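Worksheet: the structure to be examined is printed underneath.
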């Protein structure tokens, strides 16, 4: 499950005056607030990931922990064949642990944009990588309302020389700092995949994207859904949690 949980998902709202009329927010601040809403200073969550293909479907359950903007640990708990598989991200470094092989493997940075655990999310998506904040310029390209909420769409374009795979990304953010949609464009500026937030609800004292689904544009009938079943934010997490030792040998 490529900790892309993309996905994934970002931002910051600067001053809504009302649903119908609000002061134009700053794109950078809006995006930062959405990222902060998704991860906070730290987080602990239980997630179910469903990988769907035209001829099969696979469901996996995982526990996730994040610290700051760049550290994350994911450990699978079900089904039995996947239980114990884990991924650790520290800044730009990432390791995976396979209990069947009893082996820790460090992945090259290029793998951060690749599929995670055979899903349609990447490591960057699921760890809420800062890449979208630091490697792209941002501008607001649209505002609208839906179901009583204001929505702002931001266009993110790679900075010159940025080591990213996308030609651009558009992100739509609701007025409660929840990302409702992300569209990733290839280098030819054609949509390559789309993430939709299908359910928003209150968790950990905030509105949160409880169900998100990623659809590759060139693969009809293929998608991956991430469902957050529980979450806590701004929790105290022990430093030993984010270590190679804990990756291989979990402790309570």
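The values are calculated or read from the model by the stated rules, or taken from the named source; none is laboratory data. Everything numeric in this text was worked out from a predicted model, so none of it was measured. Note that we place each Cβ from the backbone using ideal geometry, even for glycine, and neighbour counts take in every protein chain shown.
Among residues belonging to segment 87-102 that are closer than 14 Å to residue 250 by Cα and in a strand (DSSP E or B), point out the one that is modelled with the highest pLDDT. Working first, answer last.
Pass one, segment 87-102, residues closer than 14 Å to residue 250 by Cα: 87-88, 96-99, 102.
Next cut, in a strand (DSSP E or B) only: 87-88, 96-98.
Numbers: 87: 92, 88: 93, 96: 93, 97: 96, 98: 93.
Here the residue is 97.
Going through segment 44-84 one residue at a time, which ones are assigned to a loop (DSSP other than H, G, I, E, B) and closer than 16 Å to residue 95 by Cα?
Here is the first cut: in segment 44-84, the residues assigned to a loop (DSSP other than H, G, I, E, B) are 54-55, 68-70, 79-84.
Those that are assigned to a loop (DSSP other than H, G, I, E, B) and closer than 16 Å to residue 95 by Cα: 70, 84.
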(request) Return the residue satisfying two criteria in turn: it lies in segment 234-250 and is out of contact with any strand residue (DSSP E or B) (no Cβ under 7 Å at 6 or more places or on another chain) and part of a helix (DSSP H, G or I), and of such residues it is farthest from residue 99 (Cα to Cα). (result) 239
(request) Could you tell me whether any residue of segment 196-208 is in contact with a helix residue (DSSP H, G or I) (Cβ under 7 Å, 6 or more places away or on another chain), under 27 Å from residue 87 (Cα atoms) and either at pLDDT 95 or above or surrounded by fewer than 20 Cβ atoms within 10 Å (Cβ to Cβ) (or both)? (result) yes
(message) All but one of (1) modelled with pLDDT under 90; (2) more than 23 Å from residue 211 (Cβ to Cβ) hold for residue 5; state the number of the condition that does not hold.
(response) (2)
(request) Kindly provide the set of residues from segment 209-252 that are at pLDDT below 95 and more than 20 Å from residue 67 (Cβ to Cβ), ordered by number. (result) 218, 219, 220, 221
(message) Checking residue 166 against (1) closer than 19 Å to residue 226 by Cα; (2) in contact with a strand residue (DSSP E or B) (Cβ under 6 Å, 6 or more places away or on another chain); (3) not in a strand (DSSP E or B): exactly one of these is not met. Which one?
(response) (1)
